[in-house]
1. So which of Lys289/Lys321; Lys269/Lys344; Lys298/Lys323; Lys269/Lys323 end up more than 18 Å apart, counting from Cα to Cα?
2. Exposure proxy check: Trp146, Trp70 ranked by fewest other beta carbons within 10 Å?
3. Within a 10 angstrom radius of the beta carbon, how do Met197, Met247 rank from fewest other beta carbons to most?
4. Quote the charge dipole size of the chain about the Cα centre in Debye, to the nearest 20; the model charges only the Cβ of Lys and Arg (+1) and of Asp and Glu (-1).
5. What is the packing order of peptides 254-264, 58-68, taking the mean over residues of other C-beta atoms within 10 Å and listing the highest first?
6. What's the tally of Lys pairs in the range 15-249 whose alpha-carbon atoms lie under 22 angstrom apart, where the two lysines are 8 or more places apart or on different chains?
7. If N is the number of residues in the range 245-348, what value comes out of its Cα radius of gyration divided by 2.2 N^0.38 Å?
8. Could you point to the residue in Gln75, Tyr276, Gln42 farthest towards the positive end of the chain's charge dipole, with +1 and -1 charges on the Cβ of Lys/Arg and Asp/Glu respectively?
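Read-outs: derived from the displayed coordinates by stated rules, not from any lab. All values reported here derive from a predicted model rather than from experimental measurement. Here the Cβ is made from the backbone with ideal geometry for all residues, glycine too, and neighbour counts use every protein chain on show.
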Amino acid sequence: MITFYPGPSKVYPEVPDYVRDAYDAGVLSINHRSPEFMEIFQRTTQLVKEKLHIPEDYTVVFSSSATECWEIICQSLVEKKSFHMYNGAFGAKWLRYAQILVPTTESLAFETESIPEVNSIQVGDSELIALTHNETSNGTALPSDWMQELRARFPEILIAVDATSSMAGVDLSWEAADVWFASVQKCFGLPAGLAAMVLSPKAIERVQKIGNRGYYNSLLNIYEQNQHHQTTHTPNVLGIYLLMRVMEDREPISIISAEIKARYSEWKKMLFNLNYVKHIIHNSQVQSKTVITFQAEKEVINQIRQQARAHGIVLGNGYGKLKETTLRIANFPAITENDIHQLKEFFANFAPENSMR
């Protein structure tokens with residue numbers, strides 16, 4: 001079965017070999033305070049920074065998931081309130097988590113076809129701006145130049161970015177934000193159960209100033225353990241090892257990002273030539289390069305989904321209010337050219353039943 005589901009998604013084909021290597025080397029049984037683990041930890045964080053072109057003075061730490069990162073950020077970086085800007089379901093979920101932890105949290109919802117004018121944004125006395133870089137639910141993404149403009153307008157306020165569907169798939173403007181995070185089950189091409197969080201020096205300074213140790217996943221505790229190449233708790237040792245192996249074998253992000261963008265252009269050409277579906281996002285400036293979302297009549301969506309599965313292809317269901325009228329195609333690095341060829345062949349031969357009557 002070939003999966004184009006946008007997370008958890010397809011893992012790199014080498015992952016089974018990596019797991020076998022981990023077993024043979026005894027990695028699955030090592031103590032997480034041992035020198036062996038600390039060596040893997042250090043090697044992994046170095047490779048993530050190197051391959052993703054993360055600034056040298058930024059810090060890479062780990063958590064269990066992007067959802068946990070939402071909580072960590074609210075607990076460790078916010079005292080008064082944060083300001084959330086979003087246009088889709090996952091940004092809205094992050095906002096709801098934040099409002100539970102910090103009821104004074106404020107927000108700005110915007111439309112999928114546009115983004116707020118930076119000069120019109122008012123965040124009041126918020127300590128942190130929260131963004132979703134790539135909204136998996138609807139296939140939108142924030143342009144790099146917009147994020148840099150936002151950074152310039154609010155140089156003293158922390159900016160945190162959920163990049164779950166884009167980190168390791170596209171080249172990110174790291175210095176446009178202070179906190180970036182992503183789970184590995186999408187563009188990293190790995191099984192779920194691990195997330196990487198990238199912290200600027202300003203974020204670390206803020207963590208230390210607040211000094212909150214009241215949670216097991218306090219970012220202050222995480223950072224201090226990180227300095228010893230360890231974690232606050234027994235971590236996903238296999239996940240960290242697999243991330244190390246993937247980073248060792250992958251090209252730098254500049255090359256991967258160019259490939260992803262080229263693939264995206266080909267997908268657009270193909271989908272736009274089909275008369276029964278259309279891209280849900282018309283504004284090319286905000287179209288995600290890693291999650292392609294298209295819409296059609298409910299009956300046609302069901303036919304595509306069912307017939308694709310019968311051909312051994314899994315497409316991503318629509319999400320939330322878009323569930324019944326959209327499908328999503330993951331354009332992640334682990335998906336092969338052969339996978340893409342088979343899906344294109346499927347679309348070339350598919351015809352909605354009502355069009356054949």
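1. Working: Lys289/Lys321 22 Å; Lys269/Lys344 11 Å; Lys298/Lys323 9 Å; Lys269/Lys323 24 Å.
The answer is Lys289/Lys321; Lys269/Lys323.
2. Listing Trp146, Trp70 from fewest to most nearby Cβ atoms yields Trp146, Trp70.
3. On the way: Met197 24, Met247 20.
In order of increasing Cβ crowding within 10 Å: Met247, Met197.
4. Details: 33 positive and 40 negative charges, 175 e Å.
The calculated dipole for the chain is roughly 840 debye.
5. Working: 254-264: 16.4, 58-68: 19.5.
By packing density, highest mean first, the sequence is 58-68, 254-264.
6. 10
7. Values: Rg = 14.4 Å, N = 104, 2.2 N^0.38 = 12.8 Å.
So the range 245-348 has a normalised radius of gyration of 1.12.
8. Tyr276
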